[in-house]
Amino acid sequence: MILTSTPFWTWLASAVAVLCYALPALAPTRLDDRQTRRLLWLACAAHALALLAGFAPPLRFGFAPALSVTAWLVLTAYLVESQFYPQLRGRWALGGLGAVAVVLAGLLPGQALHVQASPWLPLHWALGLSAYGMFAAAVIHAWLMTRTEREMRQAHTTPGLPLLTLERLMFRFVAAGFVLLSATLLAGGLFSEQLYGAGAQAWRWDHKRVFALLSWLTFALLLLGRQRWGWRGKRAVRVLYTGAALLLLSYVGSRFVLELLLGRTA
């Protein structure tokens, strides 16, 4: 945890982001939709400024910054989507997610990048984190689907999006995430030495890569099941949750164990 080396403007941006994320989460009934959207847009902008500090030398990365970038991608995708579908719900939950992610990234900035690593490594990370963001957005839509279906069965009014619309959006995010994850695994397998420096193995069967490959196979099965056998509803959601859990374990989970539980950097 390196607090003194963080620029003041980074802490200011982080504080603004946490405040604007937390208000919709802590007081959802006191803010109307317009006020909530404005606060979340301001939070995303401040969050982006805070994330830029991670690209300043020395470049640092870890599980908490990875979660922070993923949360920012999910929230940005949600806000853009809400411009077309204003009846989307769940802003309070996303605000809480954003606030927690920013706090964790500030307290646990991760490890410094190895000096032999390639300048292209951040691009490789960007591909992987974009995949995380797309699949996380799909999980959010799956949760909204489950919530909407439960409320319909209980005869509650549901001002949110129809189930079919939520399902279509969920699979769009899954497809986008699958393309990005495929590109990430391909780049890591073919250009490992160029990305991580001399001596890096092209493919190493460690837990991170095993979980990543298992998640890729799970998402491939989900998309195939959707196209060939018409998978939808609870079956599709269960497979999505399984793939997302495996993907979470592949990098964020492994870095969490190394950095927090074992106190190691590699």
Problem set entry | Simple spin-label estimate for residue 235 and residue 217 in nanometres, 7 Å along Cα-Cβ | 2.0 nm
For this session: Report the extension gain between residue 242 and residue 153 in nm, rounded to one decimal, defined as 0.36 nm multiplied by the number of residues separating them, less their alpha carbon distance.
Result: 29.5 nm
Problem set entry | residue 172-residue 15 pseudo-label distance in nm [points 7 Å out on the Cα-to-Cβ vector] | 3.9 nm
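If I take R0 = 45 Å and measure r between the Cβ atoms of residue 143 and residue 52 in this structure, what FRET efficiency does the formula 1/(1 + (r/R0)^6) give, to the nearest 0.05?
Working: r = 30 Å, r/R0 = 0.66.
The formula returns an efficiency of 0.90 here.
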Seminar exercise, completed: Net charge (Lys, Arg +1; Asp, Glu -1) of residues whose beta-carbon lies under 12 Å from that of residue 233, residue 233 excluded, is +3
Exercise. Each label point is 7 Å from the Cα along the Cα-to-Cβ direction; what then is the distance between the points at residue 227 and residue 45, in nm?
Worked result: 4.1 nm
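Which peptide among 64-74, 237-247, 207-217 comes first, and what is the full order, when sorted by highest mean count of other Cβ atoms within 10 Å?
Details: 64-74: 23.6, 237-247: 19.7, 207-217: 17.5.
Highest-to-lowest ranking by the protection proxy: 64-74, 237-247, 207-217.
Could you calculate the contour length gain from residue 93 to residue 32, that is, 0.36 nm times the residue separation minus the distance between their Cα atoms, to one decimal place in nm?
Details: separation 61, 0.36 × 61 = 21.96 nm, distance 1.53 nm.
Length gained, residue 93 through residue 32: 20.4 nm.
Run the numbers for residue 126 and residue 179: contour at 0.36 nm per residue of separation, minus the present Cα-Cα distance, in nm. Don't skip to the answer; put the middle values down first.
Numbers: separation 53, 0.36 × 53 = 19.08 nm, distance 1.33 nm.
Residue separation times 0.36 nm, minus the Cα-Cα distance, leaves 17.7 nm.
Laboratory data are not the source of any read-out in this text; all were calculated from the coordinates shown. On a predicted model such as this, the values are computed, not experimentally measured, just so you know. Cβ coordinates were reconstructed from backbone atoms using ideal geometry, including for glycine residues, and neighbour counts include every protein chain displayed.
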